[in-house]
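One structure is given below, encoded as structure tokens.
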Amino acid sequence: MPSVPEVLSPAVDLRSDTVTRPTPAMKRAMAEAELGDDVNEGDPTVRRLEARVADLLGKEAACYVPSGTMANLLAIRSQTQAGDEIIADADSHFHYYETGGYAAIAGCTARFVRSTRGVFEAGEVHRLCRAHSDHFAVTRLVVVENTHNRGGGIPWPVEQARDVARAAHSLGLRAHMDGARLWNAAIAMGVRERDYALAFDTISVCFSKGLGAPVGSALAGDRRTIEKARHFRKMVGGSMRQSGVIAAGALYAIEHHRERLHEDHAAARRFAEIIFESNGVRVDMDRVRTNMVYFDIDERLGPASEFSKAMDRRGVRMFDEGPQTIRAVCHLDVTPEQVEQAARLIVDATHLA
Ligand SMILES: *Cc1c(COP(=O)(O)O)cnc(C)c1O
């Protein structure tokens, strides 16, 4: 094995694919963007972005929003009423990481499927959908997350996602796909984004993760639902004025950073292969499907929270996600060489005598 440096400098930030900064070319596109007031007559660059996203996803309309959290909230708020119930995986981002907004602002509850790392069968929708009754909440919406973040960045098989959406529709429910990392899923599965999107009523996508734009997400769907979403966007303070400045970064990212995502997937796999060699690390290679690697460290190395701090001091930044679990994410701002070096440092730090 090549010799391992004590500390990586500059630090290699594998905490998330959200840490990327706009490239010089992206900044130029942002600086040159044509602008208007998007809360009045519309910003021309935002309109172009919304049209491009709607087209990519095969939908009638799309709405640009400041965050993926808001995209999910608007999807839920515009397709449910207070008291309604959502069928989803318990580790879904909208439930786990979004401050309970769907309960606080949309007034919904949730029922959770049995899943394999966030991916579930259409039968779960049939099992959990409530019969009409004086006792039950009204089941209204099914949410699928693709790639599934806490599952480990798992992309859905297209047919399985379609079957879930079809099951929802057969029961009179709506279907939303949280596609924050839809771009990664499409590349990993060798399909087009719209192959996933077509069966779903609404779909959200993030520009500020793997694509590397500084800000923003979009929600796409039929015209009527997106009109409602725009109304609620204004209600929660998400309508923005000359937002073409940031939308230009997203447009640039769609055109220039989508195809390269397979490089992040290859880097994540290489990272996993290297740390797999350490006897102090457990990594499930089947789970390494896109740009994320979740791995467990041996109890003898202490808790993951301490381990991640120690690695931080050595220039490898990662999040701890459980008592012994660490997450590393590959992205535009780290080179394959940096990722390999980080992995070797982890092997060095975890090898048990
Ligand atoms: C990051 C993420 C979101 C939310 O995006 P923000 O822009 O951070 O609000 C939603 N869903 C999934 C699956 C995510 O990974």
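The values are calculated or read from the model by the stated rules, or taken from the named source; none is laboratory data. Note that the structure is a prediction, hence the values are computed from the model and not measured. Cβ coordinates were reconstructed from backbone atoms using ideal geometry, including for glycine residues, and neighbour counts include every protein chain displayed.
Data table
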item: Residue in the stretch 54-67 that is farther than 29 Å from residue 259 by Cβ and among the acidic types (Asp, Glu) present; result: no
item: Single residue of the stretch 231-256 satisfying the filter (of a type in the set (D, E, K, R) and surrounded by fewer than 19 Cβ atoms within 10 Å (Cβ to Cβ)) that is farthest from residue 73 (Cα to Cα); result: 255
item: Test: residue 90 is out of contact with any helix residue (DSSP H, G or I) (no Cβ under 6 Å at 6 or more places or on another chain), at pLDDT 95 or above, closer than 17 Å to residue 72 by Cα and of a type in the set (A, V, I, L, M); result: yes
item: Meets criteria (closer than 30 Å to residue 269 by Cβ and surrounded by fewer than 24 Cβ atoms within 10 Å (Cβ to Cβ)) for residue 190; result: yes
item: Residues being more than 10 Å from the ligand (Cβ to nearest atom) and either surrounded by fewer than 23 Cβ atoms within 10 Å (Cβ to Cβ) or acidic (Asp, Glu) (or both) - total across the stretch 140-150; result: 1
item: Candidate set: the stretch 171-217, residues that are in contact with a strand residue (DSSP E or B) (Cβ under 6 Å, 6 or more places away or on another chain) and over 19 Å from residue 227 (Cα atoms); chosen: the one nearest to the ligand (Cβ to nearest atom); result: 180
item: The stretch 209-230, subset part of a loop (DSSP other than H, G, I, E, B) and touching a Gly at 6+ places or on another chain (Cβ under 6 Å), residue surrounded by the most Cβ atoms within 10 Å (Cβ to Cβ); result: 213
item: Residue that is nearest to the ligand (Cβ to nearest atom) [pool: residues in the stretch 50-66 that are surrounded by fewer than 22 Cβ atoms within 10 Å (Cβ to Cβ) and assigned to a loop (DSSP other than H, G, I, E, B)]; result: 66
item: Lone unmet requirement of (1) away from the ligand (no atom under 16 Å from the Cβ); (2) in a helix (DSSP H, G or I); (3) among the hydrophobic types (A, V, I, L, M, F, W, C) for residue 7; result: (2)
item: Filter pass, residue 249 being part of a helix (DSSP H, G or I) and touching a residue at least 40 places away in the same chain (Cβ under 8 Å); result: yes
item: Residue check for residue 119: at pLDDT 95 or above and closer than 28 Å to residue 236 by Cβ; result: no
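Residues checked against (1) under 28 Å from residue 212 (Cβ atoms); (2) in contact (Cβ under 8 Å) with a residue 40 or more places away in the chain; (3) assigned to a helix (DSSP H, G or I):
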| site | (1), (2), (3) |
| --- | --- |
| 322 | yes, no, no |
| 328 | yes, yes, no |
| 331 | yes, yes, no |
| 337 | yes, no, yes |
| 345 | yes, yes, yes |
